[in-house]
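Below is one structure, written out as structure tokens; the observations come after it.
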């Protein structure tokens, strides 16, 4: 349980921080670039245009998935390597070259780095990044647009 919290906590914290920072910068950029919208062009109760919010949320969501997963990926990979090593018959696996860790996560990370360098800490990263970015874009953009609609509907 505590290892799951140690993995998810930083991932979520980094994702939300990156999203918030990037979205604010993007909204400011879009507002300056598109000129100050007239009050009538904004949905009731909202500070930004819907299209600006959509663009900013997609960019910020994608970047937050990329940054958060990249920074926490080595821990996730170490956890998976430890899980693989705990399965019976893991020694007979066709992937014998894969580092199997049986001690602690820190030991696993240092062993992988020592044997394979930085590349060993990021095996399989590219496939994982696509999923992380897509998930972040969908989650953050949906949330922002639903909030936008709610603010517009409240008199």
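Can residue 115 be described as at pLDDT below 90, closer than 17 Å to residue 10 by Cβ and out of contact with any strand residue (DSSP E or B) (no Cβ under 8 Å at 6 or more places or on another chain)? Answer is no for this residue. Any residue in the stretch 20-34 that is surrounded by 12 or more Cβ atoms within 10 Å (Cβ to Cβ), closer than 30 Å to residue 108 by Cβ and at pLDDT 80 or above? No, that holds for no residue.
If we scan the stretch 123-146, do we find a residue that is at pLDDT below 85 and surrounded by fewer than 19 Cβ atoms within 10 Å (Cβ to Cβ)? Within the stretch 123-146 (the criterion being at pLDDT below 85 and surrounded by fewer than 19 Cβ atoms within 10 Å (Cβ to Cβ)), the answer is no, since none of the residues qualifies.
The values are calculated or read from the model by the stated rules, or taken from the named source; none is laboratory data. Just so you know, these numbers come straight off a predicted model, no measurement behind them. Positions of Cβ are backbone-derived with ideal geometry, glycine not excepted, and every protein chain shown enters the neighbour counts.
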